[in-house]
Amino acid sequence: MLAANVARVVDEWVAEKGWEGVPTFGMERPAEAGHGDYATNYAMQLARVARTAPRALAEELRLRLLADSALSPYVESVEVAGPGFLNFRLSGLAFCRAAESLLTQGENVGQGTRSRPLHINLEYVSVNPNGPLHVGHARYAAFGDSLQRLLAFSGHVVTTEFYINDFGRQMEMFGRSVAARYAQHLGVNLPVPEDGYQGDYVKDIARAIAEAEGERWLEALQQGGLEDPDSEGLLFFRREGYTRMLAEMQRELAHFRVEFDVWFSETQLHTEGKVQGAINELLEHGVAYVQDDAVWLRTTDYGDDKDRVLVRSNERPTYFAADIAYHENKLARGFDHLINIWGADHHGYVPRMKAAIGLLCGDPDRLEVVIGQLVNLTEEGEARQMSTRRGEMVTLGELVDAIGVDAARFFLVMRSNDQTLDLDMALAKRQSQENPVYYVQYAHARIASILRNLPEGLEPAVEPGEGVFDTVQERNLIKKLAEFSAVVMEAADRRAPHRIVAYAQELAGEFHPFYKHCRVIGSEPKVASSRLALCLITKRVAARCLELLGVAAPEAM
C-alpha cells in the first residue's frame, strides 16, 4: 500500500515536470534501523535527468508526499538525509493495513499472478538409465522441482519432463554388462566388457533378473556371447536392465518428493522416425547441408562458432540430431518457453542448441538453459568421503539415508545453481538452531504450538488501537512478511530458489525475537488478537516457503 501510493505520487510529479528517460522508482529497507522503515535514493538517481541538486529534488518530493491525502495516514514522517536520500517512518495504521492485507490472503499469501502466464516446459535430471542417481543429480532434482513450484506459484503453467537417454552405445554397453553379470551369477564366466559398467548395482540387477528368469537366457548368451547388440538375448538384457534401473530412479525421485509430468524416451524418437524426419526437414529448408558425406547444420547463422554435424559420414545420426528432434517435439506441443537444466559439463553445448532452436522456430531465446554446478560433501569444513558399496559415487539414496529428505532438499538449493555447493553433512544432521532447515521448521512448529494452546474466544484479527503493533519486533516481522510476494516473483523470474531459502531464514530470524518479546496469550485483547494474526501469517508464509522448497513444515518438533 505504501509503495504503490508513493510510486503514484512520484509518477504524477515526474509527469508534471515533463522529464524523460527517468529511472525506475524503488524503495528498500535501510541497513540501519535509525534511518527509518524504508528509504529511497530516487532523487539522487533523478538528478542528472532533472539537472537539479539531489537534496533539492528530495525536499520537493518530500513535501508532495506529505501533502498527498491518500498517503499521509500511513506516513509518520519523511526526512531528507545525506546527499539526497528520503527516509520514511510509517504510522501504526500502515502496519495494521499491511498485516490485515496479508491475513485476508489466507493460505495463498504471497501467490503471484501474471498478465500473460507462460506455458513452460521444464526439463531436468534427464540422465541415462544405466546407473544410480548421484549427489550431483540430487542437486538438479532439488533445484528443478523447487523451480517448478516457484514458477507455478508465481503464475505460470509448468509441465515438468524427464528425457530418458535410453538409446545408443552407452545403453548397449549397459545391456552387455548386465548380461555378463547374469551369466556370472549362474556360474558361467562371461567377462564384463572392458569399457562396461562395473558397479555393484549391475550385479544387483543381474541377480534380480536371474531370480525372475532362471537360466532361460543362459544358453543364448553362451552361444552368441556379447558381440551382437541386436541379438534377442542382448536386446532383452538391455530392455530389462533399463526398465529396472529406471524404476529405481523413479522410486528414489518420488521419495525425494520429485515427480515428473512426462517421461520422454529418446528411443521413441528413433523408432518413430522423428530424428530422420527432423534432419530431412532441415535439409529441405536449406538450413542443413551435405558436405564430406556428412550432414551439417548451419548453427553459425545464430552465433555458434562453427556448423555442427547432424549425420556422420558413417550415416549414423549424432546425439545433437536426436536432441533437435526432441526439441522440435517440444515446440510442436505448444509450449511458450523451454527451460532445460543441464550439468556444468554441458556449458559448451548451449550455443549450438540455442542455434538449433533458432533454426526451428526463428527465436533462439525460446530455449533457456540453466547450468548447474557440482556438489562437494564436507563435514565441519573438511572433505567427506561417504562409504558406499559401489565405491564410485555417493548416490541420492545414500545422501537421503544420511541426512533425510528435508535437510537434503534445503541444503541442495541454499546456493545459487551457478556456484559450487559445499554441503556440510554434520550441520545438516544437527538438531539445533545452527542448522538452517531446523531453524525455519522450528519457527513453524513454535507457532503451531501457540495455535494449539489458545484460550477460548481468542481469534486472529487486526484492529488499530492502543498498543497494536507498537514494538520494534512486531514491525520488523510485518515488514519481512510484506516482502514475501516480491521475493516469490523475483526468485521465479531469476530462476533462483536459493532466494526463498534466504528469505525463510530471515523470516525465522524476525519471528524468534518477536516470540521472545511479544506475548500473545495474556496480552490486552486487541494486542493479543493482532499478535495472533502475525503468528498465523508467519506460519502460512513459513509453510509456503518450505513447500516451495519441497521441505516438510512440521507441527511439532
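The values are calculated or read from the model by the stated rules, or taken from the named source; none is laboratory data. Bear in mind the structure is a predicted one, so any value in this text is a computation, not a measurement. Ideal geometry is used to build each Cβ from the backbone, glycine not excepted, and the neighbour counts take in all protein chains shown. In case anyone asks, the SASA skips ligands and DNA or RNA and just uses the protein heavy atoms, side chains included. Shrake-Rupley method; radii C 1.70, N 1.55, O 1.52, S 1.80 Å.
Given (1) over 24 Å from LEU90 (Cα atoms); (2) assigned to a helix (DSSP H, G or I); (3) in contact (Cβ under 8 Å) with a residue 40 or more places away in the chain, where does ILE521 come up short, assuming only one miss?
Every condition holds for ILE521 apart from (2).
From the list GLY26, GLY112, which residue is crowded, with 17+ Cβ neighbours inside 10 Å, within 30 Å of GLN148 (Cα to Cα) and within 35 Å of the chain's Cα centre (by Cα)?
Numbers: GLY26 fails: crowded, with 17+ Cβ neighbours inside 10 Å.
The unique qualifying residue is GLY112.
Which one is modelled with the lowest pLDDT, of the residues in region 451-466 that are open to solvent by less than 50 Å² (accessible area, probe 1.4 Å) and closer than 25 Å to GLY36 by Cα?
For region 451-466, the residue satisfying everything is GLY465.
Can you spot a residue in region 128-150 that is closer than 30 Å to ARG475 by Cα and either of a type in the set (A, V, I, L, M, F, W, C) or open to solvent by 20 Å² or more (accessible area, probe 1.4 Å) (or both)?
So far as region 128-150 goes, yes, one or more of its residues are closer than 30 Å to ARG475 by Cα and either of a type in the set (A, V, I, L, M, F, W, C) or open to solvent by 20 Å² or more (accessible area, probe 1.4 Å) (or both).
Would you check if LEU46 is open to solvent by less than 70 Å² (accessible area, probe 1.4 Å) and of a type in the set (A, V, I, L, M)?
Values: open to solvent by less than 70 Å² (accessible area, probe 1.4 Å): yes; of a type in the set (A, V, I, L, M): yes.
Considered against the rule, which asks whether it is open to solvent by less than 70 Å² (accessible area, probe 1.4 Å) and of a type in the set (A, V, I, L, M), LEU46 comes out as yes.
Against the conditions (1) open to solvent by 10 Å² or more (accessible area, probe 1.4 Å); (2) part of a helix (DSSP H, G or I); (3) in contact (Cβ under 8 Å) with a residue 24 or more places away in the chain; (4) out of contact with any strand residue (DSSP E or B) (no Cβ under 8 Å at 6 or more places or on another chain), where does ASP204 fall short? Just the number, please.
(3)
Restricting to region 524-536, give me the number of residues that are open to solvent by less than 30 Å² (accessible area, probe 1.4 Å) and more than 21 Å from VAL437 (Cβ to Cβ).
8
Report those strands (runs of 3 or more DSSP E) wholly inside region 42-124 carrying at least 1 residues which are among the small types (Gly, Ala, Ser) and closer than 26 Å to LYS480 by Cβ.
75-81
What pairs come out if I take residues in region 15-42 that are more than 15 Å from GLU79 (Cα to Cα) and pair them with residues that are open to solvent by 50 Å² or more (accessible area, probe 1.4 Å) and among the polar types (S, T, N, Q) whose C-beta lies under 6 Å away, six or more apart or interchain?
Within 6 Å, the pairs are PRO23/GLN45.
Of (1) open to solvent by less than 40 Å² (accessible area, probe 1.4 Å); (2) modelled with pLDDT under 95, PHE469 satisfies all except one. Which?
Single failed check for PHE469: (2).
So is LEU61 open to solvent by less than 10 Å² (accessible area, probe 1.4 Å), touching a helix residue (DSSP H, G or I) at 6+ places or on another chain (Cβ under 9 Å), aliphatic (A, V, I, L, M) and modelled with pLDDT of 95 or more or not? Spell out the reasoning first.
Numbers: open to solvent by less than 10 Å² (accessible area, probe 1.4 Å): yes; touching a helix residue (DSSP H, G or I) at 6+ places or on another chain (Cβ under 9 Å): yes; aliphatic (A, V, I, L, M): yes; modelled with pLDDT of 95 or more: yes.
Spelling it out, LEU61 is indeed open to solvent by less than 10 Å² (accessible area, probe 1.4 Å), touching a helix residue (DSSP H, G or I) at 6+ places or on another chain (Cβ under 9 Å), aliphatic (A, V, I, L, M) and modelled with pLDDT of 95 or more.
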